[in-house]
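For reference, the structure is listed below as C-alpha cells.
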Amino acid sequence: MLDAHSSNRTILEIEKLTRRFGGLIAVNQVSFRVNKGEIFGLIGPNGAGKTTLFNLITGLIPASSGKLIYQGQNITQNQPHQIAFKGIARTFQNIRLFGELSVLENIKIGRHLHIQTNLFTGILGFPSASRQERSNAEKAWELLKMVGLEQRAEVIANSLSYGEQRRLEIARALALEPQILLLDEPAAGMNPSEKSELSEFIREIRQKFNLTIILIEHHVPLVMGLCDRIAVLDFGQLIALGVPEEVRNNPAVIEAYLGNE
Ligand SMILES: Nc1ncnc2c1ncn2[C@@H]1O[C@H](COP(=O)(O)OP(=O)(O)O)[C@@H](O)[C@H]1O
Ligand SMILES: [Mg+2]
C-alpha cells in the first residue's frame, strides 16, 4: 500500500536533498515530488542550485544528504550510467555533443546504451544483431525527423546552428528512450521563433514518448506557458511550488526572481 503522502502518480521523489561544496550549500534540504507525465519547471536566479539539482538527480555528483526515489526505488547512491539505464536522461546547460561526429552518429551513440539493455535478448538470438542494428538506424532517423534535422544528418555536429545543436542534444537524450527527460536551459541562445517552436516541440515529445519532463529555463513566458507546475529555488532552497498562476503571484518569488525580469 502507498502511504497517505505518496501517490501512484509520483515518478520522482526528492526528499530533503542537500549538496554542499565546502562551506556553500548549493542545494539545501529540497523536497518535492514530480508526477508522471507532467512538465515540471525549475526556476530561480543564477546560482540558485538548479543545475546542481540536475547533477544530483542524474548521479553526476553525490548528495551530501537526503534521498532520491525514482519509481519507488532509492537511487540516491546510483552511478550516472545506472540512472541513465533506469530511464532518466538529460541535456546540459553547456551543450555537450561529439562535435567532430555527424549529427546521425551523435544520435546513434545516444541509442548505444539503450541497445546494451537489450544485449541479453541479443545473445539469445532474438532479435538478431543485424535486425537490432537496422532498428537502431531506423530509430535514429525517426528521432532526426522528430527534431527537424534529417537534412543535416551527415554534417558534423559543430557546424550546426546553436538552436540545431540544442535540438540534436534533445534527440540524443531521447535515443535512450527515457521515462524522465531533464532539460537544462534548452532555450538559451535560441532566437524568439526557435523559442516558440521549442515550446511546441516539448509538448509534442511529452505526448509522443509518454515522457515526464523537468525543465530549467530562464525565459519566463516559455516556462509559464508550458509547465504544469513550477518549483522555485533561491540560494539552494525551495521557496515556492505550484501551478504557474500561483508561482507568478507569490510575493517571495517576485522578490527573489520575477521582480528583476
Ligand atoms: N562543482 C562545483 N564546485 C563548487 N561549487 C559549485 C559547483 N557546482 C556548482 N557550484 C556552486 O553552487 C551554486 C549553485 O550553482 P548551480 O547549480 O550551477 O546554479 P544554477 O544552475 O541555478 O545557476 C553556485 O554558487 C555555484 O557556484
Ligand atoms: Mg544552471
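The values are calculated or read from the model by the stated rules, or taken from the named source; none is laboratory data. If you're wondering where the values come from, they're calculated on a predicted model, not measured in any experiment. Keep in mind that these areas ignore ligands, DNA and RNA; they rest on the heavy atoms of the full protein, side chains included. Shrake-Rupley method; radii C 1.70, N 1.55, O 1.52, S 1.80 Å.
Just need the Rg to Rh number for the chain, please, alpha carbons only, Kirkwood Rh.
Working: Rg = 18.8 Å, Rh = 19.2 Å.
My calculation of the ratio gives 0.98.
Using each residue's phi in the stretch 22-32, evaluate 6.51 cos²θ - 1.76 cosθ + 1.60 at θ = phi - 60° and report the 3J(HN,Hα) Karplus result to the nearest Hz, with x for Gly and Pro.
Rounded to whole hertz, the list is x, x, 8, 9, 6, 10, 10, 6, 7, 10, 6.
Given N residues in the stretch 24-69, what is Rg(Cα) / (2.2 N^0.38 Å)?
Scaled against compact globular proteins, the figure is 1.17.
Can you flag which of Lys36/Lys208; Lys16/Lys50; Lys139/Lys208; Lys86/Lys195; Lys108/Lys139; Lys145/Lys208 are past 20 Å Cα-Cα? Walk me through the numbers before you get to the answer.
Numbers: Lys36/Lys208 14 Å; Lys16/Lys50 15 Å; Lys139/Lys208 14 Å; Lys86/Lys195 30 Å; Lys108/Lys139 9 Å; Lys145/Lys208 13 Å.
Going by Cα-Cα distance, Lys86/Lys195 fall outside the 20 Å limit.
Please state, as a whole number in µm²/s, the translational diffusion coefficient that the Stokes-Einstein equation yields for the stretch 218-261 at 37 °C and 0.692 mPa s, with Rh defined as the Kirkwood radius across alpha carbon pairs.
315
With Rg and the Kirkwood Rh both taken from Cα atoms, where does Rg over Rh land for the stretch 13-118?
1.00
In Å², what does the accessible area per residue of the chain work out to with a 1.4 Å probe?
Per-residue accessible area for the chain comes out at 49 Å².
For the stretch 181-197, in order, what is each residue's ³J(HN,Hα) by Karplus, 6.51 cos²θ - 1.76 cosθ + 1.60 with θ = phi - 60°, in whole Hz (x at glycine and Pro)?
Working through the residues one at a time gives 10, 9, 10, 9, 6, x, 8, 4, x, 8, 7, x, 6, 5, 5, 6, 5 Hz.
In 10 Å bins starting at 0, how do the alpha-carbon pair distances of the stretch 157-238 split up by percent?
Values per bin, smallest distances first: 16, 51, 29, 4.
From the helices alone, meaning DSSP H stretches of at least four residues, give me the mean residue ellipticity at 222 nm for the chain, per-run term -39500 (n - 2.57), in deg cm²/dmol to the nearest 500.
Helix-only estimate at 222 nm: -11500 deg cm²/dmol.
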